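The values are calculated or read from the model by the stated rules, or taken from the named source; none is laboratory data. Not measured: the values here are computed from a predicted model. Note: ideal-geometry Cβ built from the backbone for every residue, glycine included; neighbour counts use all protein chains shown. We work out accessible area using only protein heavy atoms, side chains counted, and drop any ligands, DNA or RNA first. Shrake-Rupley method; radii C 1.70, N 1.55, O 1.52, S 1.80 Å.
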Amino acid sequence: MNFDVNGLTWTREPAAYTISEDQIVIVTKPHTDLWQRTYYHFRNDNAPVLQMQTEEKFFSFTVKTDFDSKHRFDQCGIVMYLDSENWLKGSIEYENETFQHLGSVVTNNGYSDWATTEIDAAVKSMWYRLSRREDDYCIECSSDGVIFRQMRVCHMCNGAGAIRFGVYACSPEESSFTATFTHMQITECKWRAHDGQLPDQE
């Protein structure tokens, strides 16, 4: 399986973007976001998402993001969007001039959770890697594209069959910024099979 920009399709096309063989650029629109219910109680489902489809059960997708985010909640990153109530994403979400949130959101059956760590607001580039092992997924990040660190391991309740995955960018408040995606690559699964404790016997 190769990453081919000609095989990408939009879920909610942004007003401004460019796509070439080795680069995707998205200019976000204000008041675009992805979130379902938890804590905030609102349901936001209007962020532009650009994805390809696959039935491959074991693979890794890597992408580099560069961004000039500058307003609260501006974000861009990697995504697997199945439908409005089943998706995951990994990104950096701008907070203020001091810090931003490097994190991931997993949404199963209409409820989102958010796992984050604070990083310096000066960071304007990040690599992500999404790996699939059947209906389990791993999101990793890297500052150099060489050494990746685990952000999240999760199960997707509806993620066992054909899926769609790719990139997204959005600005939940009154803001707009440019997100650039490069070095997009699909490889064999970099998330190795577990070699420790055996599964419980049923």
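Some observations on this one:
- Note, ³J(HN,Hα) from phi for segment 61-73, Karplus 6.51, -1.76, 1.60, rounded to Hz, x at Gly and Pro: 10, 10, 8, 9, 10, 10, 7, 10, 4, 8, 10, 3, 6
- Neighbours of residue 22 by Cβ distance under 15 Å: Lys/Arg scored +1, Asp/Glu scored -1, total -2.
- Protein heavy-atom surface of the chain, 1.4 angstrom probe: 46% of the accessible area is carbon and sulfur, with nucleic acids and ligands not counted.
- The chain: C-alpha gyration tensor shape, a/c 1.5 cut-off, then a/b vs b/c: rounded
- Packing-based order for 91-101, 126-136, 5-15, 149-159, using average beta carbon neighbours within 10 Å, highest first: 126-136, 91-101, 149-159, 5-15
- Across segment 131-158, the residues whose backbone nitrogen lies under 20 Å from the label position 7 Å along the beta-carbon direction of residue 22 are 144-146.
- Over 31 Å (Cα to Cα) - which of 29/57; 29/190; 29/124 fall in this group: 29/57; 29/190
- For residue 152, the amide hydrogen comes within under 5 Å of the amide hydrogens of 139, counting only partners 5 or more places away or on other chains and with H modelled in the peptide plane.
- Cα centroid separation - segment 119-141 against segment 44-81, whole Å: 10
- Expressed per residue, the C-alpha convex hull volume of segment 2-100 stands at 129 Å³.
- Shape category assigned to segment 76-118 from the gyration tensor of Cα positions, a/c cut at 1.5: prolate
- The phi torsions of segment 93-98, fed into the Karplus equation with coefficients 6.51, -1.76 and 1.60 and a -60° offset, translate into couplings of 10, 5, 10, 7, 5, 9 Hz, rounded to whole numbers, with Gly and Pro shown as x.
- Each residue of segment 15-26 was assigned a 3J(HN,Hα) from its phi angle through the Karplus expression (A = 6.51, B = -1.76, C = 1.60, θ = phi - 60°), giving 5, 9, 6, 9, 10, 10, 4, 10, 7, 10, 10, 10 Hz with x at Gly and Pro.
- The chain: relative contact order in percent, alpha carbon pairs under 8 Å with at least 6 residues between: 30
- Probing with 1.4 Å while keeping every protein chain in the model, the per residue accessible area of segment 23-150 equals 42 Å².
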